[in-house]
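Presented below is the structure to which this report refers.
The values are calculated or read from the model by the stated rules, or taken from the named source; none is laboratory data. Only a predicted model underlies this, so the values are computations on that prediction, with no experimental measurement involved. Please note: Cβ atoms are built from the backbone with ideal geometry, for glycine as well, and neighbour counts cover all protein chains shown.
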Amino acid sequence: MNKQKVYNTIHYVLLIVLALATLLPVLWVVLSSFKPQSELFRVPLTFLPQKWTLQNYVSSLQAGNFPVYFSNTVFVAVVSTFITVMVNLMAGYALAKYIFKGRNLIFTIMIATLMIPLQVIMIPIFLQLKNFGMLNSLWGIIIPPAATPTGVFLARQYLVNLPDSLIEAARIDGAKEYSIFFRIILPMSKPIVATIAIFSFMWRWNDYLWPLIVITDNKKQTIQQALANFVGQLQINWSDLLAMTTIAIIPVIIVFLAFQRFFFSGIAAGSVKG
Amino acid sequence: MKQHTKGNFHQTAAPLLFLLPNILIFGLFIIVPAIQGLRMSFTEWGVFTTPRFIGFANFVELAQDTVFWKTFSNTIVYSLFTVSLIMVYALALALLLYKNTIKGEKIFRSLFYIPSLLSMITVGIAWRFILGDEMGIINYLLRQSGGSGIPWLTDGNLAMVSIIGVSIWAQAGYYMIILIAGLQAIPLELYEAATIDGASTTKTFTAITLPLLRSTLLVVMVLSTIASFKAYELISVMTKGGPGYATKLIVQQVYQVAFLEDRMGYASAMSIVLMLIISIFTLVQFKFTGKEQDYE
């Protein structure tokens, strides 16, 4: 019994130490963003701001195009997520509930391309976007990565388990195929729609490489691009940068807190793109 | 499953229409570029010049390109250390948190997952702020306690160590979640039987936990290996590949040669080599750990 107590104490101490190592870097950045510029590097450094201020947030929101970057990112993330969910759910439905020639071949090709990272084909993708006149357009960021093998895979996996009898009954009642999808399948797919939507949103919000390839026009950039440019300057204005970084982090933390259970079940369900 | 195709025209056309948007996007932006990339690697190709077929010349040049081989070996070193340390650390976290027996377990899981939510750009910014030579908090604390500052990002070897450390910090929580799911799938009866037989904790771990966790560990290994070969953002923010070429990885070099030096054919050849390495590593991992993981 005593031994168990010692064991439990060690267990907790270990967890707390590791949790601090995980969280303190994030906290340090967030807290520092509330310090006045004069205090940021003033010795002795203090963990909490001596004087709390929102000055860095005000100045970074006023400086340059930050509000534009923010709204670009919101637009890209929201629209992409909607398209990704619809396109993948429809494909997953076709693969799960219809029998037709080439079904297995299509599914196999999709799964096989899971292994091809964007980084490997970014050059021909760039040229393809150039051919289609999609460079420097937010649609060039939104459309190309909307069809994801993981999304199709998760949707198919979920829909296979829905009973066929529902679809049969609707057909006997004379329902059209598309209305079966929108009226019956879609409402029943809420958990998998939520999972795909959350991971899509997170990925789009955080993505840097795709916007980097597509966008050169300053006014079309996303937050991650703006942050990378900011940190690439010779003289970094750390106060503003930390405030912008915090603003970029807040949405993903909110989504995580609101939909926590979908995160963990989604990751466990398959190798979801992070 | 019942045969649905025998019905009317609508039921035959419907699946194809449902698949159409996906196949269009997928074909135009993944399949076609993948084939195009292979073709490009045999050409001299700039954005504003006419492509010219040059056979294997790109690959011959690549074989003698010392900068490329430096980024190649950097990528291998980065990948080996990041993947193996992530596996050890994520497994340790998962073992501390999978049993559902101690209070606050769920909160701890969420806390450890938080870095995985952040973009690699923001992770890089945070750690550059923390590891800064003069003004970073770590060096400040070291100096306060009588030591001297450490050039975390400005010394070649240390910069690679820092990048690897930050990569582990940023990703371990994600793989921890996968491993927790794997650990929870092991039947409890096996552990009970082992306890009755008087097996030690170590023995239980090596005889039950590790073998039954093998397919999950394989998934973690493959995913983290692919992630490490794709690494780009973190380095571009923290070191820009420097000092010198000390932390430059293949993807950085591909980007520079393709988009800054406008040698897209040559950069495509590099991409092909990168794809080959990824495929070889993945295959070897499947071979060494036994049967293939099916997608269930």
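Before moving on, here are some points about what is shown:
- A:TRP28 vs. criteria of a type in the set (Phe, Trp, Tyr), loosely packed, with under 14 Cβ neighbours inside 10 Å and modelled with pLDDT of 90 or more: no
- Selected residue (criterion: surrounded by the fewest Cβ atoms within 10 Å (Cβ to Cβ)) from residues of the range B:184-220 that are among the hydrophobic types (A, V, I, L, M, F, W, C) and in contact with a helix residue (DSSP H, G or I) (Cβ under 6 Å, 6 or more places away or on another chain): B:LEU190
- Residue check for A:ILE172: closer than 26 Å to B:PRO21 by Cβ and either more than 8 Å from every other protein chain (Cβ to nearest Cβ) or touching a Gly at 6+ places or on another chain (Cβ under 7 Å) (or both): no
- In the set B:ARG143, B:ARG128, only one residue is of a type in the set (D, E, K, R), touching a residue at least 60 places away in the same chain (Cβ under 8 Å) and assigned to a helix (DSSP H, G or I); that residue is B:ARG128.
- Unique residue being closer than 17 Å to A:VAL231 by Cβ, more than 8 Å from every other protein chain (Cβ to nearest Cβ) and over 24 Å from the mean Cα position of the chain (by Cα) when the list is B:GLY136, B:GLY147: B:GLY136
- Residue in the range A:213-227 that is in contact with an Asp or Glu (Cβ under 9 Å, 6 or more places away or on another chain) and either crowded, with 23+ Cβ neighbours inside 10 Å or at the interface with chain B (Cβ under 9 Å from one of its Cβ atoms) (or both) present: yes
- Of all the listed residues (B:TYR245, B:TYR266), the sole one being part of a loop (DSSP other than H, G, I, E, B) and at pLDDT 90 or above is B:TYR245.
- Whichever residue in the range B:91-125 is more than 7 Å from every other protein chain (Cβ to nearest Cβ) and not in a helix (DSSP H, G or I) and, among such residues, is surrounded by the most Cβ atoms within 10 Å (Cβ to Cβ): B:TYR98
- Checking each residue in the range B:235-285 for being among the aliphatic types (A, V, I, L, M) and surrounded by fewer than 16 Cβ atoms within 10 Å (Cβ to Cβ) picks out B:LEU260, B:LEU276, B:ILE280, B:LEU283, B:VAL284.
- Pick from the range B:216-235, criterion within 7 Å of chain A (Cβ to nearest Cβ) and not aromatic (Phe, Trp, Tyr), ranking: farthest from B:PHE288 (Cα to Cα): B:GLU233
- Residue match in the range B:154-164 (condition: charged (D, E, K, R) and assigned to a helix (DSSP H, G or I)): no
- Residue ranges of helices (runs of 4 or more DSSP H) in the range A:166-274 with at least 2 members at pLDDT 90 or above and out of contact with any strand residue (DSSP E or B) (no Cβ under 8 Å at 6 or more places or on another chain): A:190-206, A:209-214, A:223-232, A:238-258
- Subset of the range A:58-109 (residues that are more than 25 Å from the chain's Cα centre (by Cα), crowded, with 16+ Cβ neighbours inside 10 Å, assigned to a helix (DSSP H, G or I) and without any contact (Cβ under 8 Å) to a residue 40 or more places away in the chain): A:ALA94, A:ILE106
- Positions within the range B:39-53 being surrounded by 16 or more Cβ atoms within 10 Å (Cβ to Cβ) and either aliphatic (A, V, I, L, M) or facing chain A (nearest Cβ under 10 Å) (or both), in sequence order: B:MET40, B:SER41, B:TRP45
- Residues of the range A:111-152 classified as assigned to a helix (DSSP H, G or I), in contact (Cβ under 8 Å) with a residue 40 or more places away in the chain and within 7 Å of chain B (Cβ to nearest Cβ), total: 6
- Looking only at the range B:214-242, and only at residues there that are at pLDDT 90 or above and assigned to a loop (DSSP other than H, G, I, E, B), the one that is nearest to the chain's Cα centre (by Cα): B:ALA231
- The one condition in (1) of a type in the set (A, V, I, L, M, F, W, C); (2) within 11 Å of chain B (Cβ to nearest Cβ); (3) surrounded by fewer than 17 Cβ atoms within 10 Å (Cβ to Cβ) that A:LEU48 fails to fulfil: (2)
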